Amino acid sequence: HPLTLPKADAAARCGMSALAEAEAACAPYGNEPSRCGFELSRSLLLAVRESRAHRPDLVLKFGQYLLRSHAGRLGAEVWAMYEQVYIALLHYGRRPRAAGSGAEEPSEEMRLASEYYSLLAARFPDSMRVKRLEGMMWEAKGEYDMAMADYDEILEEEPNNLAALKRQVALLRARGKPAEAAKRLAAHLEGVGADAD
């Protein structure tokens with residue numbers, strides 16, 4: 001019998017084909033957002049978002065164009081666009097913190113990410129999702145203890161917030177603390193199992 005994929009995998013495959021289609025549609029325009037226009041640029045970024053593809057190159061290029069030239073046309077979708085571009089900016093602005101280094105001038109990407117974070121935080125002041133974005137900013141700046149504090153705060157407020165837990169586990173593993181990462185995962189699974197009783 002044919003192998004069937006779980007719904008999430010099938011959805012990701014559909015998203016990837018939508019992404020490939022959108023990229024192919026942009027190719028005749030030299031992948032230049034202003035030549036592709038609003039609809040095609042928007043479709044491309046929606047395909048990236050829905051496929052969960054890691055394409056900060058496309059997100060930065062097409063997202064900044066849309067936010068600069070068409071933010072008003074995006075309606076409520078503008079906030080998802082700010083978040084998507086913010087994460088791409090963090091990818092490019094990331095700088096590991098050197099021991100004993102003085103304060104460095106932030107990169108253009110980090111400056112713009114800070115601006116977008118401020119917009120999101122003002123619009124959604126009590127959002128744990130925005131709090132997670134702040135933690136990601138601390139990570140990108142190399143301020144790992146500050147990031148961990150944000151994720152702890154989120155998990156205190158929302159113990160089943162998987163996005164914050166995943167960020168914490170990834171951060172612990174990246175810092176060479178796999179045992180602590182495993183301990184946090186186990187504690188979470190224990191808590192989830194207890195909730196089911």
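Read-outs throughout are calculated quantities, based only on the coordinates presented, and are distinct from any laboratory measurement. In this text, all values refer to a predicted model and were calculated from it rather than measured experimentally. Because the Cβ atoms are built from the backbone with ideal geometry, glycine has one as well, and the counts that use them run over all protein chains shown.
Tabulated values for the structure
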read-out: Förster-model FRET efficiency, 35 Å R0, residue 108 and residue 190, C-beta, rounded to 0.05; value: 0.20
read-out: Student exercise, segment 31-168 dipole from Lys, Arg, Asp, Glu Cβ charges, in Debye to nearest 20; value: 620
read-out: Inverse mean reciprocal Cα-Cα distance (Kirkwood Rh) of segment 39-86, Å; value: 10.4
read-out: Segment 9-94, Cα convex hull volume normalised per residue, Å³; value: 84
read-out: Label point distance in nm, residue 21-residue 173, each placed 7 Å from Cα along Cα→Cβ; value: 3.3
read-out: Pairs of Cα atoms farther than 22 Å apart, segment 113-197, %; value: 28
